[in-house]
Amino acid sequence: MRRACAALLAVLALLAGCDSARPAPAVARSQPVPPSGSGSGSAAPADPAARAAALVARLGDEDLVGQVLMAYAYGDDATRVSAGSAAGNRKLAGVDTPAQMIARYRLGGLILVGFSADDPTGATNPTTNVESPAQVSRLTTGLQAAAGRLPAALPLLIGTDQEYGVVTRIKSGVTQLPSGMAVGAAGNAALTQAAWAAAGADLAAIGLNVDFAPDADVLGPGGGGVIGSRSFGQRPAAVAGQVAAAVRGLQGAGVAATLKHFPGHGHTTTDSHTNLPSLTQSRAALQSGDLPPFVSGIAAGAQLIMSGHLDVRSVDPGVAGSFSSKVLIDLLRGQLGFRGVVVTDALNMAPAQKWAPGEAAVRALLAGNDLLLMPPSVPAAAQGLLAALRSGRLPRARLVEAVTRIVALKLTLAAGPKPSGLSTVGGSTRQAAGAAVAAAAVTVLRGTCSGPLVRGAVSVSTASVRAQQKAWLTAALRAQGVRVVDRGGTEVHLVGYGDTGADLAATAAVTVAMDTPYILGRTSSPVRVATYSSTQAAMTALAKVLAGKATPAGRSPVDVPGLPASAC
């Protein structure tokens with residue numbers, strides 16, 4: 001971490017000497033920023049945007065282009081990777097290691113990705129470079145060191161998709177929160193902010209400074225959408241309040257929050273990883289039903305917004321919003337007044353791959369995006385941008401505008417809260433903040449609201465893929481004094497992400513939904529409970545409710561046909 005910190009301090013020291021009154025013209029190659037005290041001797045502007053503009057004016061073409069690229073890379077270390085990872089990097093970018101990718105393309109950012117079978121975004125995350133807090137810390141330190149050796153010496157934006165719930169890249173060793181829907185069920189903004197602050201402190205401590213979260217999508221009725229439990233719920237005002245609280249918590253810990261997927265993916269039944277979904281709402285319905293969480297997140301200070309690969313029919317029909325100036329410039333910047341960084345959803349997703357990588361990069365930037373996420377070919381994206389810049393198709397002013405926003409974000413983050421040490425990651429106080437939300441989320445949709453929901457001996461059943469949750473619940477029930485047996489007794493059946501009616505147990509006295517609660521409308525169990533999440537904390541909280549040691553306070557943030565938001 002010392003090398004990364006040194007790089008950040010060097011940038012801030014150099015910027016202190018920028019003469020903002022007379023920025024140098026752009027040149028073909030980057031020129032070093034004058035050291036502190038040089039130039040006219042006037043004080044450096046305190047505003048990060050003004051300081052960023054002074055620095056960006058000194059960047060050459062390759063550095064400008066590199067700053068708008070946020071690639072992914074293979075390998076769990078910046079400079080030492082396996083043969084398979086080196087081969088993956090050569091195919092992606094013509095280099096062996098992540099550090100070499102940063103050096104060759106002068107990257108502005110890098111996203112850490114991870115694949116798991118139950119992750120709905122897994123198809124576009126073809127590698128895993130997150131294993132443990134210590135490993136991620138070593139990797140991010142090495143990445144920042146590589147960025148510090150570039151001519152511009154700017155710190156790197158290092159992000160990941162840590163939404164919690166089904167989209168969680170770092171699954172062990174750090175504070176785990178329940179899913180967005182569980183947070184919505186808890187409905188307590190103070191608990192939400194505290195939990196996201198705790199989780200953000202862990203992310204900052206291991207070297208991450210951008211989280212592609214929270215999900216600001218408002219779900220449509222009926223549960224037919226693809227976002228599911230990633231959303232805080234289906235009621236715009238309630239979702240808006242939780243989004244703002246998550247932003248405040250995350251950014252208070254020094255990690256930039258990203259609202260996604262603008263202008264709202266919650267009403268779609270098509271997955272934008274594989275096809276272009278259509279938003280068929282009227283402009284008025286979009287305004288009242290989808291935009292409120294983005295408005296509240298912007299008001300809370302969100303530093304990034306992710307543009308969705310969504311055909312917004314009421315705004316720019318037939319064009320993906322991620323490539324639409326009507327969506328990103330007219331609506332997002334003009335109407336909503338957003339001034340931060342707009343980042344594309346991954347450019348290796350199907351709607352973006354209708355064009356070659358270089359063409360997609362140019363179109364995305366012209367549409368109003370500032371940061372281009374996960375181009376499927378880094379060389380092609382960089383070359384396409386350079387060619388468009390030099391031909392005049394990509395106005396230099398548009399590129400400079402984008403880079404200035406990115407650099408201003410970097411300076412803001414560098415001047416923010418100092419991350420805690422690695423030894424604090426996953427500490428009991430931070431874990432308790434996440435556990436408090438998980439406990440507040442537990443909802444009884446059918447059954448009694450006081451006293452035990454199970455009596456006598458209990459057995460826990462579930463699909464084999466949820467053996468860990470079964471083990472956690474079994475141990476937690478025993479800790480509450482409940483006798484758990486392998487067979488017989490009162491059956492508690494767990495269902496989770498991807499389960500259908502075929503996964504329900506007709507013999508279960510209690511059915512528990514560990515993902516969206518819609519499936520509870522299809523079971524005949526006399527007791528139906530939702531945790532919306534399958535973390536260990538959620539199973540511990542569930543055990544207390546089943547044993548009658550805790551009162552279920554959650555309310556379903558989505559409508560479940562035939563059931564109330566809460567039976568309590």
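All conditions but one from (1) open to solvent by 10 Å² or more (accessible area, probe 1.4 Å); (2) at positive phi apply to ARG235; the one that does not is (2). The set of residues in segment 106-129 that are modelled with pLDDT of 95 or more and open to solvent by less than 30 Å² (accessible area, probe 1.4 Å) comprises LEU107, GLY108, GLY109, LEU110, ILE111, LEU112.
Here are some residues: VAL442, VAL425, VAL495. Which one is open to solvent by less than 40 Å² (accessible area, probe 1.4 Å), farther than 26 Å from CYS568 by Cβ, of a type in the set (A, V, I, L, M) and out of contact with any Phe, Trp or Tyr (no Cβ under 8 Å at 6 or more places or on another chain)? Can you show your working first?
Details: VAL442 fails: farther than 26 Å from CYS568 by Cβ; VAL495 fails: farther than 26 Å from CYS568 by Cβ.
Exactly one of VAL442, VAL425, VAL495 is open to solvent by less than 40 Å² (accessible area, probe 1.4 Å), farther than 26 Å from CYS568 by Cβ, of a type in the set (A, V, I, L, M) and out of contact with any Phe, Trp or Tyr (no Cβ under 8 Å at 6 or more places or on another chain), namely VAL425.
Condition check for GLY222 on (1) outside any helix (DSSP H, G or I); (2) open to solvent by 10 Å² or more (accessible area, probe 1.4 Å): one failure, at (1).
Listed by first and then second residue, the pairs with beta-carbon distance under 7 Å, at least 6 apart or on different chains, first residue in segment 277-289 and small (Gly, Ala, Ser), second not in a helix (DSSP H, G or I), are SER278/ASP311; SER278/ARG313; SER282/SER314; GLY289/VAL218; GLY289/GLN281. Pairs needed: first member in segment 362-389, touching a residue at least 60 places away in the same chain (Cβ under 8 Å) and among the polar types (S, T, N, Q); second member anywhere, assigned to a helix (DSSP H, G or I) and open to solvent by 10 Å² or more (accessible area, probe 1.4 Å); C-beta distance under 6 Å; at least 6 residues apart or different chains. What qualifies is SER377/PRO357. In the condition set (1) under 20 Å from ARG230 (Cβ atoms); (2) among the charged types (D, E, K, R); (3) modelled with pLDDT under 95, ASP515 is compliant with all but (3). Can you say whether GLY252 is more than 19 Å from ALA185 (Cβ to Cβ), open to solvent by 10 Å² or more (accessible area, probe 1.4 Å) and in contact (Cβ under 8 Å) with a residue 40 or more places away in the chain, as far as the supplied structure shows? Criteria met by GLY252. Filtering segment 314-371 to residues that are buried (at least 21 other Cβ atoms within 10 Å of the Cβ) and part of a loop (DSSP other than H, G, I, E, B) leaves SER324, PHE338, GLY340, ASP345, ALA346, LEU347, ASN348, MET349, GLY368, ASN369, ASP370.
In the set VAL243, VAL319, VAL342, only one residue is at pLDDT 95 or above and within 20 Å of ILE111 (Cβ to Cβ); that residue is VAL342.
The values are calculated or read from the model by the stated rules, or taken from the named source; none is laboratory data. In this text the structure is predicted, and so the values were computed from the model without any measurement. Counting neighbours? That spans all protein chains shown, and the Cβs are built from the backbone with ideal geometry, glycine included. Areas reflect the complete protein model, heavy atoms only, side chains present, ligands, DNA and RNA absent. Shrake-Rupley method; radii C 1.70, N 1.55, O 1.52, S 1.80 Å.
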